[in-house]
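The values are calculated or read from the model by the stated rules, or taken from the named source; none is laboratory data. Please read all numbers here as calculations on a predicted model, not as lab measurements. So basically every Cβ, Gly included, is an ideal-geometry build from the backbone, and we count neighbours across all protein chains shown. Note: areas computed on protein heavy atoms with side chains; ligands, DNA, RNA excluded. Shrake-Rupley method; radii C 1.70, N 1.55, O 1.52, S 1.80 Å.
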Amino acid sequence: MSDRHDTAPNPAPDLVLHGRKVVGGVVEAEALVTHERISGWGGIDPRTGTVIEIGHALRGQSFAGKVLVFPGAKGSSGWSAMFHTARLLKAAPAAFLFNEMTTKMALGAVVSHAPALTDFDRDPLACIETGDRVRVDAERGTVEVFKRPPAAHDGDPPA
Amino acid sequence: MSDRHDTAPNPAPDLVLHGRKVVGGVVEAEALVTHERISGWGGIDPRTGTVIEIGHALRGQSFAGKVLVFPGAKGSSGWSAMFHTARLLKAAPAAFLFNEMTTKMALGAVVSHAPALTDFDRDPLACIETGDRVRVDAERGTVEVFKRPPAAHDGDPPA
Amino acid sequence: MHLSDEEKAMYDGRDGPAVQKAMDLLVRYGEALGAERLVETRNVCATITSTTPFQRDFAQTRGGMDAVFSEFSLDSPEVVPIPKFKVFTSHLQLGFDPGQPERMGIDTQTLQFYERSERHAAGLGAQIMNTCTPYQVGNVPTRGEHCAWMESSAVVYCNSVLGARTNTEGRESCGAAMLTARIPDWGYHRDENRHATHLVELDVEVESVQDWGLLGYFIGEQVQSGVPVVHRRGGDIGRAPNLPRLKHFGAAAASSGGVELFHLVGITPEAPTLEHALGGKKPMEVLRYGPAERRAAYERLNTTAREAEIQYVMLGCPHYTIEQIWEAAQLLEGRRLHADVQLWIFTPRAIKALADRSGHTRIIEEAGGVLMTDSCSAMSRAVPPGTRAVALDSAKQAHYLPAILGVQAWFGSTAECIEAACTGRWQGGLK
Amino acid sequence: MHLSDEEKAMYDGRDGPAVQKAMDLLVRYGEALGAERLVETRNVCATITSTTPFQRDFAQTRGGMDAVFSEFSLDSPEVVPIPKFKVFTSHLQLGFDPGQPERMGIDTQTLQFYERSERHAAGLGAQIMNTCTPYQVGNVPTRGEHCAWMESSAVVYCNSVLGARTNTEGRESCGAAMLTARIPDWGYHRDENRHATHLVELDVEVESVQDWGLLGYFIGEQVQSGVPVVHRRGGDIGRAPNLPRLKHFGAAAASSGGVELFHLVGITPEAPTLEHALGGKKPMEVLRYGPAERRAAYERLNTTAREAEIQYVMLGCPHYTIEQIWEAAQLLEGRRLHADVQLWIFTPRAIKALADRSGHTRIIEEAGGVLMTDSCSAMSRAVPPGTRAVALDSAKQAHYLPAILGVQAWFGSTAECIEAACTGRWQGGLK
Ligand code: F3S
Ligand code: F3S
């Protein structure tokens, strides 16, 4: 995490995306980005928000309190129940930004009570990186991205 | 029954029908004719060969040992089983002459081991009457009909 | 009839005498039909077990269960040893409920003989489903699957709703199919016989289970053994009818007529359009079904009904689904049957196990009713003693019971039947 | 989102707070999807009961079973009293087999809590089917019937084989549907989303259950959440695949990808022709499935397999039909499992009752195997102690088990699995 984002108000974002509100709310948190879909049942541990799917790029990492940026949901119909439980255990993402609308994704976002957006004017997977600070205003349909300093980002593992 | 038919060979039939063999065999017996389809299960008593369906024109009459002339089978898939049982109890018809081919009718005739014909050049329902003597040669596909004397026929209830 | 090499080998005895007898029957039957060949089937539904004193004596005097199968299922007077079935074989309903012998007036000897014959059939590979509705206990044929099924209400469901292919087979042709995986390629196995012959134009909403039963009863009377296609002028038939509705519809059409295949435009699999269902031909006849036809069908089903006092309510023809049992249980919950009325509900055994677990059986029994299996009143000719008038929600059962047992039948909705069960009086009427 | 008057009344609380919460969830969910309206459904399949310690504690501290239903099935933190379900509701599989708690490592407390929650669900009107295959125990939706189903393998069967209409719902949307008879009119409920997007040209025979599993696995990987249509160049697909084949095919495609609807030209109800299935459009992609693709799918399913010694054979994913149990019993009859191997076969409870009666359970048990219900190894994460390598005839289970439990999986035919169970060694191979 970068101090810059934690300590100072951000006068101007590095970029702004516009999308369609899926679940309302406003939140600001760090991004966790993956180009792979996420499984609910069998794919995450709802107690910690950790991705557990073998071979998944995020395996071992937790989305708890993060803005989860990903293509969408995959796997069993237990998706919403897993994220619902994660929410009750305070391990849900702070927000969902995704590209593919499915019933799993929509219901999972709804029961997570987390702001969620889709249908962006720019692909969030192409312009948001893990560690970026992101302010999601689902009511207005905006995503303000405050890029992590390039130096720090290049050198760090994507955690 | 008419003595004439029981005592003398018939030099020439009154009429001859041609049909398609369904089950082979040759038999000569009295005709029992109905313009109504017959039910197997719930329609006949296989112990006596009696039609039992309420409202049926043949109700109370037995086809045992008769040439049964009728449109065809109706009702449940127990048709063959009922006629099969009637055959074992010696109460099956001597032959079947019918117009409508169905699986019920075909299988019922087969398991009755009785000569059977269909696809006639003349409608047997239009030219055979109850009490006529009928010689069925299923191998040759012929039905020779020896009409009951009109006087006897007109005066009698139909057998 | 043309036989393949495999079929010739079976016919010539390669697989033993029972298979040979089976092929012999199939050839005789196929030639009787005028079939040109046999078709492969891997799905047989039949009656195999024995419930009559005649069969019991036959077993005793002629050589046991093999003799019974040889004669009654293969038409072979010669007793041949019966091998295991080659094909998935489901057992249909029987002449009584072996779980309720006293209620059905079944003596111990008959019951024991049945149990022996059930064990024999199971040992050969029969699935002891014991229902007229194999499609609700795991035998759900798929589109185009060639089947050899008995039981008219099952045949019409299999052909029409599922789009599988079967004629109305009999005990002997099914017996032969179990051992050979063959049945004559005739009738509804062939594309050219599956097109509609009669067009029925709907002029009225068809919504409830009762509505679908009335429509089926009307259609069967009109088209007899034709293939009806049902169409709503200027639009869809309405809400897609579910399994219970189509089950009652088909059973009604199969009993008032001999319908073995129907099409519903936009609903059944071979009727994406009216033209498709008709196969590009003109219907032989066009019928209209409006409020007057609906009322006439209702009145014909109620012709025998005179006395409002009823002694018996029978539900479950064709065998009730778990959804219908749930509905009946909801209507019964917290109520008691009238002291002079008995209520019997019929369902497959496997579904009864589900009803037990789901709490419905308890509710039905607490109200004074009973959930039975394997049979029904028409099949068993069993009704409670003293029954003069019976209330029914099935057009098929209302068609058969008065004819078979001479009782009066009231036909109405499930709710009206339950109401009659609780009050002892029929208060229904067409809405 | 547009609401009808009836829906507005429910939303405004006419039918009490639980129905109001249900409508609130449906509106939030429908708006998330971008749906314009709700559609009526009378057929819900869902998980309702509770099997986790977390839910047990939740019940204890938050207000009993109503609190659990409010939170987990309606997304309502406020505890509302739950009325009886308005709609025919079937319970899906669970996290263990309550009939075999020890084998599955379930403690008494968890079992007792499950039983309490089963009684609660049944009391509300849930049919305790406890299976991923409701269509084999009496819930067979009809063409065009709007459903709200969970469980991907059931969803794909419902949409594709039966031609009914459902999206992959979740616990909360199903909970809301039970109380309102509504679900968002989105996705596969609507004609325009049911056409094929990907064309798969077959260049190889697809006949056995294993063949259909391999084809499904290939297709899921390729089309992900697309709608594939399968076509055989220059002819029919071949013999119509039966229920077990289509069940394995769909389950495989739903697990390697996310297929919720497929079409098979000439077989499934919305694919009378290729053009019809494509809705007159061009496919986004054309794929070919020949011997090389078949082998590659087989090898991917067997990537984790190294050791020929197996300790466990699991059959029944999706839950076995009575036909499959019969086939397994025939393969096992008179044999004994290898001393180091356990065989668990999963089926719905109602079908187990049928297997008991038909003699299969005895054969399986005499060989040393066990017929289980309600769950499976993937759902329960339970395998026999010491399992390193498992033999499976299900592509879906072979996809999930290594990922979930880190075991090695051999995928092959049922006969190969039974052989491995009896010899302790995997000797299968693609034929
Ligand atoms: S066997 Fe079944 S279809 Fe009706 S007549 Fe009896 S319940
Ligand atoms: S629930 Fe059923 S579909 Fe397979 S993963 Fe388990 S057997």
If you bin every alpha carbon distance in the range C:302-431 into 5 Å steps from zero, what whole percent lands in each bin? 2, 12, 24, 25, 21, 11, 4, 0
Neighbourhood net charge (13 Å Cβ-Cβ; Lys/Arg +1, Asp/Glu -1) for C:Glu307: +1
For the range D:93-193, state which GluC sites (Glu not before Pro) are in a DSSP loop and have at most 15 other beta carbons lying within 10 Å of their beta carbon. D:Glu102
Using helices alone, what [θ] at 222 nm do you get for chain C, with -39,500 (n - 2.57) per DSSP H run of 4 or more residues, divided over all residues and rounded to the nearest 500? -12000 deg cm²/dmol
In terms of modelled amide H atoms, which long-range or inter-chain residues lie less than 5 Å from the amide H of B:Asp14? B:Val145, B:Phe146, B:Lys147
Please report, in cubic angstrom per residue, the volume enclosed by the convex hull of the alpha-carbon atoms of chain B. 100
Select from the range B:67-116 those trypsin sites (Lys or Arg not before Pro) which occupy a DSSP coil region and have at most 13 other Cβ atoms within 10 Å, ordered by residue number. B:Lys90
Enumerate the amide H contacts of C:Glu285 below 5 Å, restricted to partners 5 or more residues apart or on another chain; note that Pro and chain-start residues carry no placed amide H. C:Leu199
Output the pairs from C:Lys282/C:Lys431; C:Lys396/C:Lys431; D:Lys282/D:Lys396; D:Lys8/D:Lys86; B:Lys90/C:Lys21; A:Lys21/A:Lys66 with a Cα-Cα distance over 28 Å in this structure; if there are none, say none. C:Lys282/C:Lys431; D:Lys282/D:Lys396
In debye to the nearest 20, the charge dipole size for chain C, taken about the Cα centre with +1 at each Lys and Arg Cβ and -1 at each Asp and Glu Cβ, equals 360
About the Cα centre, charge dipole magnitude for the protein assembly as shown (Lys/Arg +1, Asp/Glu -1 at Cβ), debye: 640
Work out which helices of chain C, taken as complete DSSP H runs, extend at least 18 Å along their axis over the Cα atoms and score a mean Kyte-Doolittle of -1.0 or more, then list them. C:17-33, C:108-124, C:209-223, C:243-256
Which residue, D:Tyr114, D:Pro134, D:Met104, has the largest displacement toward the positive end of the dipole of the range D:94-139 when charges sit on each Cβ (Lys, Arg +1; Asp, Glu -1)? D:Pro134
Taking every DSSP beta bridge that has both residues in the range A:15-146, what percent is antiparallel when rounded to the nearest 5? 65
Among A:Leu32, A:Ala114, A:Ser76, whose Cα lies farthest out toward the positive end of the dipole of the range A:15-146, if unit charges sit on the beta carbon of Lys, Arg (+1) and Asp, Glu (-1)? A:Ser76
Sticking with the crude label model, points 7 Å out along Cα→Cβ, report the distance from B:Ala12 to C:Ala296 in nm, one decimal please. 5.0
Rounded FRET efficiency, nearest 0.05, which uses the C-beta distance separating A:Thr48 from B:Ile52 and R0 of 60 Å: 0.20
Straight-line reach from B:Lys147: which aspartates and glutamates have a Cα under 18 Å away, not including same-chain ones fewer than 8 places off? B:Asp3, B:Asp6, B:Asp14, B:Glu28, B:Glu30, B:Asp123, B:Glu129, B:Asp132, B:Asp137, B:Asp156
If I model a spin label at D:Thr273 and B:Val26 as a point 7 Å from the Cα along the Cα→Cβ vector, what separation in nanometres do I get? 5.6
Rounded to the nearest 10 degrees, the helix B:103-112 long axis (Cα) sits at an angle to the longest Cα principal axis of chain B of 70
Hey, if you put +1 on the Cβ of every Lys and Arg and -1 on every Asp and Glu Cβ in chain C, which of C:Ile219, C:Phe249, C:Ala328 ends up farthest toward the positive end of that dipole? C:Ala328
Is there a simple number for the mean count of other chain Cβ atoms within 10 Å of the Cβ of residues in B:78-89, and what is it? 4
Return the distance in nm (one decimal) between the two label points of a simple spin-label model at D:Asp12 and D:Arg239, each offset 7 Å from Cα along Cα→Cβ. 6.1
When the dipole is taken about the Cα centre of chain A, and only Lys, Arg (+1) and Asp, Glu (-1) are charged at their Cβ, what size is it in debye, to the nearest 20? 480
Select from D:Gly187, D:Gly316, D:Gly334 the residue whose mean-square fluctuation is largest in a Gaussian network model of chain D (Cα-Cα springs shorter than 10 Å). D:Gly334
Taking N as the number of residues in the protein assembly as shown, what value does Rg over Cα atoms divided by 2.2 N^0.38 Å take? 0.99
Which percent of the Cα-Cα distances in chain D go past 29 Å? 48
Buried accessible area for the B:C pair, summed, 1.4 Å probe, in Å² rounded to 100? 2300
How big is the shadow of the Cα convex hull of the range C:195-300, averaged over all directions, in nm²? 5.6
Which aspartates and glutamates have a Cα less than 15 Å from the Cα of C:Lys281, not counting those fewer than 8 places away in the same chain? C:Asp191, C:Glu192, C:Glu270
Quick check on the protein assembly as shown: of the DSSP beta bridges with both residues there, what percent are antiparallel, nearest 5%? 35
